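Here is the structure we will look at, set down as C-alpha cells.
The values are calculated or read from the model by the stated rules, or taken from the named source; none is laboratory data. Since the model is a prediction, treat every value here as computed from it, not as a measurement. Positions of Cβ are generated from backbone atoms using ideal geometry, with glycine treated the same way; all protein chains shown enter the neighbour counts.
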Amino acid sequence: MGFFTPLASRVRLYAVISTCLLAVLAAAAVEADLRSPNPAARRLALLRLAEKGPAALEQLAESVGDRDPLVRRAAVLGLSSLGHAAIPALQAALDNDDILVRRNAALALANGGLQAVPVLSKALADPEPIVRQASLHALAMISPRSAETFKIIRTAIDDPAPEVQAVAITASERFLDIVVEMPLPLEQWKFRLDLERIGDDERWFAADLDDSQWDDISIGKAWGHFGYDGYIGVGWYRRIISVPDSPEATGAVLQFEGVDECAWIWVNGQYVGKHDIGPAGWDKPFQVDVGDALRWGEDNQITVKAMNTTAAGGIWMPVTLRATRLAP
C-alpha cells in the first residue's frame, strides 16, 4: 500500500499541473486571438472570455470600441450577464454607430436593475425606433418595478413611431391593474363636418358648446356609413358620457382601436392628446392619457376631431375608457 501512495500522489500532482498548464495556454490563446487582425477570431475570443464572468468586464468594455461591428456586438452580449457593473460600458455602447450594438445594449441593460433606468430613459431619444423599442422592453423587465420607471415608459406613448407606441402601451400595462373598463357607447354621438377648418378657432371642443343642431352619428363604423360617403377632410364628434366613481384609480386612458386616419382629443374642454402619423395611422390602435381631465362620478364631455386624406374616415373602431392603478 505504501509503495503505491507516492505514485498516486505524483499522478494527482501531474494532473493538477497539466490542468493549470492547459488553463494558462488557453488564456494565452484567448489573449492572442483578442489581438488578432481577424474579426472572427476576436469575436470568438470574446465569447470564450465572457464565460469568466466579472473577470472579463474590463476586456469586454474595451471591445465595445472595436473597429468591427460584429466584435462590438459580441462584447455587448458578454456584458449582458454582468449586471449593474456593466452599466458604464453599456451606456457607452448606446452611442455606437451600429444600430444593433445600440439595440443589444439597451436590451442588456434590463439586467442592470434600477441603476439602469436613467440610462434607458436617455436611450428613448435614439433616432432609430428599434432601439427605442428595445429600451422599452428593458424598462419593462427591470426589477423591482417603480413609479419612476412607469412614468418614463408612459412618455413613449407619444412616440412618433406607431411600433414604439405599441410597445409603450404593452410595457405600461405590466405595471397596472385595471379597476374600471368601460366601452364608450357606439350610438348618440353628435357630428359636424368642418369644411372650412374653423372648428379649432371656434372652439368646437369646448365643454359647454351647444351641439344640439349637429348631426346624429354613431362610432364603430366609418362616417361614410352615415351619409358622408366619399368625404375627405375634418369631422368633429362630441358626446357626454357618465363615468362611475373610481376612488381606487390613479390614472385613466382612452383606448382607441382605430380612427381613420388622424385624431385630436379633448375631455371636458381640456386637450389630452392626438394620433397624427398620417395615412398610415388609419388602423393603428392608440391611447391618450385622460387622468387629469376626467371627473369621476360625473358626466364628462368627450370631443374628437378626426381627419382623413383618402378613402374612409372617422372613428371606425370602438373606444374604451380604462381606469388604472399601479400594481403592488
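For residues in region 228-261 being small (Gly, Ala, Ser), in a loop (DSSP other than H, G, I, E, B) and touching a strand residue (DSSP E or B) at 6+ places or on another chain (Cβ under 7 Å), which is farthest from LYS190 (Cα to Cα)?
Let us first name the residues in region 228-261 that are small (Gly, Ala, Ser), namely 230, 233, 235, 242, 246, 249, 251-252, 258.
Right, trim to in a loop (DSSP other than H, G, I, E, B) and you get 230, 246, 249, 258.
Those left that are additionally touching a strand residue (DSSP E or B) at 6+ places or on another chain (Cβ under 7 Å): 246, 249.
Numbers: SER246: 27, ALA249: 29 Å.
Applying the filter and picking the extreme gives ALA249.
State yes or no: is LEU176 within 25 Å of ALA222 (Cα to Cα), of a type in the set (A, V, I, L, M) and either surrounded by 13 or more Cβ atoms within 10 Å (Cβ to Cβ) or in contact with a Ser or Thr (Cβ under 8 Å, 6 or more places away or on another chain) (or both)? Break it down into steps so the answer makes sense when it comes.
On the way: within 25 Å of ALA222 (Cα to Cα): no; of a type in the set (A, V, I, L, M): yes; either surrounded by 13 or more Cβ atoms within 10 Å (Cβ to Cβ) or in contact with a Ser or Thr (Cβ under 8 Å, 6 or more places away or on another chain) (or both): yes.
Criteria not met by LEU176.
Right, THR310: in a strand (DSSP E or B), of a type outside the set (Asp, Glu) and not assigned by TED's automatic domain parsing to the domain that holds ALA156 or not? Steps first, please.
Values: in a strand (DSSP E or B): no; of a type outside the set (Asp, Glu): yes; not assigned by TED's automatic domain parsing to the domain that holds ALA156: yes.
Answer is no for this residue.
Among the helices (runs of 4 or more DSSP H) lying completely within region 72-191, list those that include at least 2 residues that are closer than 27 Å to LYS284 by Cβ.
Correct list: 99-108, 117-123, 129-141, 147-155, 162-173.
Under the condition of being within 22 Å of LYS151 (Cα to Cα) and surrounded by fewer than 14 Cβ atoms within 10 Å (Cβ to Cβ), which residue from region 277-303 is farthest from the chain's Cα centre (by Cα)?
Top of the filtered list is ARG295.
Among what's in region 74-103 and is of a type outside the set (Asp, Glu) and farther than 22 Å from GLN115 by Cα, pick the residue that is surrounded by the most Cβ atoms within 10 Å (Cβ to Cβ). Give the derivation first.
First, the residues of region 74-103 that are of a type outside the set (Asp, Glu): 74-94, 96, 99-103.
Still in the running and farther than 22 Å from GLN115 by Cα: 74, 99-100.
Working: ALA74: 25, ILE99: 14, LEU100: 17.
Residue satisfying both the conditions and the ranking: ALA74.
Filter region 309-328 down to the residues that are out of contact with any helix residue (DSSP H, G or I) (no Cβ under 8 Å at 6 or more places or on another chain) and of a type in the set (Gly, Ala, Ser), then identify the one that is surrounded by the most Cβ atoms within 10 Å (Cβ to Cβ).
Result: ALA323.
State whether one or more residues within region 215-227 are modelled with pLDDT of 95 or more, within 27 Å of the chain's Cα centre (by Cα) and part of a loop (DSSP other than H, G, I, E, B).
No.
Scanning region 41-65 for residues that are under 29 Å from the mean Cα position of the chain (by Cα) and assigned to a loop (DSSP other than H, G, I, E, B), which turns out farthest from LEU79 (Cα to Cα)?
GLY65
Against the conditions (1) among the small types (Gly, Ala, Ser); (2) under 33 Å from the mean Cα position of the chain (by Cα); (3) closer than 23 Å to VAL290 by Cα, where does GLY199 fall short? Just the number, please.
(2)
Filter region 122-164 for residues that are polar (S, T, N, Q) and within 11 Å of the chain's Cα centre (by Cα); which is surrounded by the fewest Cβ atoms within 10 Å (Cβ to Cβ)? So that I can check it myself, show each step before the final result.
Start the filter on region 122-164 by keeping residues that are polar (S, T, N, Q), which leaves 133, 135, 143, 146, 149, 155.
Remaining after also requiring within 11 Å of the chain's Cα centre (by Cα): 133, 135, 155.
Working: GLN133: 24, SER135: 33, THR155: 12.
Restricting to residues being polar (S, T, N, Q) and within 11 Å of the chain's Cα centre (by Cα), the top hit is THR155.
State whether the residues of region 256-267 include one that is farther than 21 Å from ASP159 by Cβ, under 27 Å from the mean Cα position of the chain (by Cα), in contact (Cβ under 8 Å) with a residue 60 or more places away in the chain and not assigned by TED's automatic domain parsing to the domain that holds GLU148.
So in region 256-267, the residues farther than 21 Å from ASP159 by Cβ come out as 266-267.
Filter again for under 27 Å from the mean Cα position of the chain (by Cα), leaving 266-267.
Checking the rest, the ones that are also in contact (Cβ under 8 Å) with a residue 60 or more places away in the chain come to 266.
Now restrict to residues that are not assigned by TED's automatic domain parsing to the domain that holds GLU148: 266.
Taking every residue of region 256-267 in turn, at least one turns out to be farther than 21 Å from ASP159 by Cβ, under 27 Å from the mean Cα position of the chain (by Cα), in contact (Cβ under 8 Å) with a residue 60 or more places away in the chain and not assigned by TED's automatic domain parsing to the domain that holds GLU148.
What about ALA306, is it more than 18 Å from ASP158 (Cβ to Cβ), surrounded by 21 or more Cβ atoms within 10 Å (Cβ to Cβ) and touching a residue at least 12 places away in the same chain (Cβ under 8 Å)? Steps first, answer last, please.
Values: more than 18 Å from ASP158 (Cβ to Cβ): yes; surrounded by 21 or more Cβ atoms within 10 Å (Cβ to Cβ): yes; touching a residue at least 12 places away in the same chain (Cβ under 8 Å): yes.
It is true that ALA306 is more than 18 Å from ASP158 (Cβ to Cβ), surrounded by 21 or more Cβ atoms within 10 Å (Cβ to Cβ) and touching a residue at least 12 places away in the same chain (Cβ under 8 Å).
Working only within region 179-207, note down all residues that are in contact with a Ser or Thr (Cβ under 9 Å, 6 or more places away or on another chain), aliphatic (A, V, I, L, M) and within 21 Å of ILE217 (Cα to Cα).
Listed by number, the residues that qualify are MET182, LEU184, LEU186, ALA206, ALA207.
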